[in-house]
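Quick notes on the structure that follows.
The values are calculated or read from the model by the stated rules, or taken from the named source; none is laboratory data. Just so it is clear, the structure is predicted and the values come from calculations on it, not from any experiment. Ideal geometry is used to build each Cβ from the backbone, glycine not excepted, and the neighbour counts take in all protein chains shown. The protein model used for the area step is the full one, side chains on, heavy atoms only, and it has no ligands, DNA or RNA in it. Shrake-Rupley method; radii C 1.70, N 1.55, O 1.52, S 1.80 Å.
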Amino acid sequence: MGTDVSAMNVHFPSLYQVFLCLKKKDIRLGVVRFFLASQQRKQGKGDQEEKGGTSGPFDSDPGNQQGGWVSILPWVMLAVFYFLTAGSDPTPETTWSTFYREMLSTGEVEHLDVPSSQDKVFVFLHKGAVVGGKEIMTHGPHFVFSIASLDSFEQKMTAAQADLNLPSSDFIPIRYRTKNELLSTALNAAVSIGILGIIWYFVYGRTSKTGNKSGGILGSNPFSNYIKAKPTVVMPGSGQGISFKDVAGMEEAKLEVMEFVDYLKSPMRYSELGAKIPKGALLVGPPGTGKTLLAKAVATEADVPFLTMAGSDFVEVFSGVGSARVRDLFNRARKLAPCILYIDEVDAIGRSRKGNSLGGNNEQENTLNQLLVEMDGANASTFDDMPLKMKERQLPDGMMQTVPHRINTMEGVVMLASTNRQDILDQALLRPGRFDRHIAIDLPTLIERRAIFEVHLKKLTLKMPVDQYSKRLAELTPGNSGADIANICNEAALHAARLNAKSVDQKNFEYAVERVIAGMEKKSHSMSPEERKTVAIHEAGHAVVGWMLEHTDPLLKVSIVPRTNANLGYAQYLPSDNKLYSTEQLFDRMCLALGGRAAEAKIFKRITTGAEDDLRKVTDMAYKQVVTFGMSPRVGNISFPVLKPTEPARKFYSDKLAKLVDEEVRILVGKALKKTDSILEENLDKLRTLSQELLTKEVLNYDDIAAILGPCPYGDKRTPVPSQAFTLESTL
């Protein structure tokens with residue numbers, strides 16, 4: 001019976017033999033000392049890979065090098081090494097019958113070796129021997145089998161070779177080993193340990209190109225790369241900076257941050273007067289308003305290094321990693337001072353610590369605590385590395401003495417952070433001395449949107465000058481952020497490229513605005529003729545009511561083409577930038593929203609589910625007028641929050657008042673519906689004509705609507721009415 005086990009070249013000692021060898025106290029201490037060897041590395045000056053001197057939870061501590069990791073590491077390495085090689089025995093075992101049948105009788109045996117223990121025999125075969133269908137091309141021993149005693153084995157070998165009619169001169173030679181195998185085992189184990197130690201040294205123990213200083217096993221910490229902060233560093237003069245001229249709008253915000261720029265350029269002017277620059281500024285605003293862009297522009301204008309990391313980069317499942325990364329980030333910033341340190345989405349690590357249900361510490365809290373300590377510049381572990389500065393002090397006798405003192409660890413480091421969730425930040429992070437300035441960056445106004453459009457339009461190949469597009473596009477995009485504006489310009493360029501146009505024109509921008517607001521057209525979505533007629537009447541009802549009311553936004557376009565964000569149809573209006581609304585304005589907006597439902601009921605004598613979103617808006621506006629804005633005479637001038645459907649139910653007022661609120665809301669909606677019906681009744685012919693034109697053309701613009709409905713009773717609403725100037729006179 002053949003064997004499929006292939007022979008190997010090297011005879012490794014067993015794990016038990018290595019264990020017996022390392023069990024000796026002197027050998028074990030020598031191995032441990034070998035792995036504890038460490039040396040001080042010369043600290044380099046590289047700004048990208050510099051490692052600070054602070055210690056973290058994974059940092060090696062020279063005073064604690066006899067701990068668990070160091071003590072068990074040699075055993076762990078040996079166990080892993082032998083477990084990996086345990087699947088294949090260095091010398092395959094066989095039996096006497098197999099040896100006799102497949103090796104001895106076929107003449108494949110070269111010689112036999114008997115160790116000093118005399119309990120087994122190693123078989124060496126001729127090169128090219130075939131055993132079990134496989135050719136042997138390696139050096140021996142190739143097989144081993146056990147024997148009961150040396151005498152019985154010699155007798156059995158002599159009888160077997162005699163049965164094979166071999167002359168005594170051709171008998172297989174048998175060699176006897178007399179050397180001590182324990183020494184050989186120890187040497188093999190030492191070689192294995194040495195190889196593993198060399199590999200460990202080259203992987204973790206070598207000094208990096210920047211000359212990092214590290215300690216621990218073989219002069220390094222295996223977790224050093226994991227706990228390192230990896231910020232994006234933009235050095236001055238690299239050509240990657242963004243100047244203030246690239247940041248359109250945000251004029252008030254730029255004025256506030258210019259103080260940091262002036263300080264970083266000429267700090268002595270402030271220090272001579274005893275002034276202290278704010279340590280940090282928190283940029284607060286909706287997503288896409290340019291908070292990160294403004295922080296980069298500050299660094300470029302100040303001509304200092306800019307280090308940036310996202311708040312989520314500090315969050316890890318392993319305890320202590322976030323704190324270690326915060327320490328490492330601030331150490332790098334101090335070495336690059338003067339510089340700007342920016343953390344994007346700081347709410348990932350700055351969340352308030354009040355809402356912990358279990359009451360214990362967690363990783364996010366530890367990271368926040370470390371951030372607070374670093375911003376205070378009071379990290380004791382880095383005090384010895386702080387640079388010295390000469391300072392004069394007055395002695396009791398009136399003499400002046402120059403003494404060295406440690407400068408503030410945050411001196412020259414300006415901390416910037418951004419978030420759109422200021423309400424959840426911890427109050428300790430917002431107090432003066434940390435984030436002293438809170439800079440609000442709101443959605444751009446009409447003038448700011450026009451400036452942002454001009455910045456992005458300059459990068460496109462336009463058919464007409466930039467100012468021919470910027471004003472109109474700024475009017476079409478109220479409530480859009482800078483990121484939305486950049487997306488619109490890019491969509492317009494993509495649309496022009498798909499049409500093989502040589503330049504970007506007005507129709508491309510109109511397509512881009514429609515795509516951003518309502519989504520792409522669903523050309524494959526088909527509606528039945530009855531549904532198309534219902535949608536046309538619905539949209540025509542909105543258009544007619546809005547056209548005939550005074551306080552509604554001007555209608556620019558109406559369509560019954562299905563889109564991704566409007567499954568049935570949509571109307572595009574030109575919203576205003578008003579911040580305040582009167583009772584009449586809100587009432588007209590309610591009538592506009594009810595125009596579609598009222599038109600369906602008047603034409604078809606039935607209603608559909610298409611007005612669901614309109615009714616939701618009307619209900620929300622009505623409840624806010626009664627409950628929040630205090631516009632109901634019966635309820636009075638009180639204000640309560642209106643809960644969203646996803647929020648847990650909370651009762652802010654009595655059942656009697658709730659009943660009164662519901663009655664007022666029902667009355668208000670009923671008045672709006674009644675006025676909407678009267679407007680449609682007076683313009684019933686125009687409603688039918690407009691719906692029929694929608695069925696024919698599917699899309700109508702302002703001129704088409706004006707040709708059907710006639711001039712707007714309140715003039716062209718597209719022309720903004722100049723605001724009145726109010727004068728405040730003092731009566732004192």
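Arrange the residues K717, K579 by how much accessible surface each exposes, largest first, with a 1.4 angstrom probe. Spell out each step's value before the answer.
Values: K717 45, K579 165 Å².
Final ranking, largest accessible area leading: K579, K717.
At a Förster distance of 41 Å, what's the computed FRET efficiency of E521 paired with N420, Cβ-Cβ distance as r, to 0.05? Let's see the in-between values first.
Values: r = 32 Å, r/R0 = 0.77.
Calculated value: 0.85.
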Amide H neighbours of H111 at under 5 Å, excluding residues fewer than 5 places away on the same chain, with H built from the backbone geometry, are F124
Rolling a 1.4 Å sphere over the protein heavy atoms, what is the accessible area per residue of segment 235-333, to the nearest Å²?
44 Å²
So if R0 is 51 Å, what FRET efficiency would L187 and S319 give, r being the distance between their Cβ atoms, rounded to the nearest 0.05?
0.75
My understanding is that a pair violates if its Cα-Cα distance is over 25 Å; which of K617/K651; K471/K675; K605/K686; K686/K717; K230/K291 do that in this structure?
K471/K675
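Sorting check: for 686-693, 228-235, which peptide has the highest mean count of neighbouring beta carbons within 10 Å, and how do the rest follow?
Numbers: 686-693: 19.2, 228-235: 17.0.
Most protected by this proxy first, the peptides run 686-693, 228-235.
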Amide H contacts under 5 Å for R177, placed H, 5+ residues apart:
V114, S116
Which residues in segment 286-306 have a backbone N closer than 11 Å to a point placed 7 Å from the Cα of F244 along the Cα-to-Cβ line?
298, 301-302
Förster radius 41 Å - calculated FRET efficiency between L293 and L657, Cβ distance, rounded to 0.05:
0.30
Accessible surface of Y702 - all protein chains present, 1.4 Å probe, nearest 10 Å²
30 Å²
State the extension gain, in nm to one decimal, for the chain segment bounded by D442 and A159, taking 0.36 nm per residue of separation less the distance between their alpha-carbons.
91.7 nm
Provide the gained length on full extension for the span S582 to S149, in nm with one decimal, where the gain is 0.36 nm per separating residue minus the Cα-Cα distance.
144.7 nm
Karplus-derived HN-Hα couplings along segment 298-312 (A = 6.51, B = -1.76, C = 1.60, θ = phi - 60°), whole Hz, x at Gly and Pro:
4, 5, 5, 5, 7, 6, 10, x, 10, 10, 9, 9, 7, x, 5
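How do S503, S418 rank by accessible surface area computed with a 1.4 Å probe, from largest to smallest?
Working: S503 30, S418 0 Å².
Order by accessible area, largest first: S503, S418.
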What accessible surface, in Å², does a 1.4 Å probe find on R616, ignoring ligands, DNA and RNA and rounding to the nearest 10?
130 Å²
If I model a spin label as a point 7 Å beyond the Cα along the Cα-Cβ vector, how far apart are those points for K644 and V233 in nm?
4.1 nm
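Give me the number: length gained by fully extending R269 to R718, i.e. 0.36 nm times residue separation minus the C-alpha to C-alpha distance, one decimal in nm.
On the way: separation 449, 0.36 × 449 = 161.64 nm, distance 5.15 nm.
Computed gain between R269 and R718 is 156.5 nm.
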Compute, for D677, the solvent-accessible surface of its heavy atoms (probe 1.4 Å) with the complete set of protein chains present, and express it in square angstrom to the nearest 10.
50 Å²
Normalising by the residue count of segment 618-714, find the relative contact order in percent from Cα pairs under 8 Å and 6+ residues apart.
20 percent
Post the alpha-carbon centroid distance, segment 423-494 to segment 650-701, in whole angstrom.
34 Å
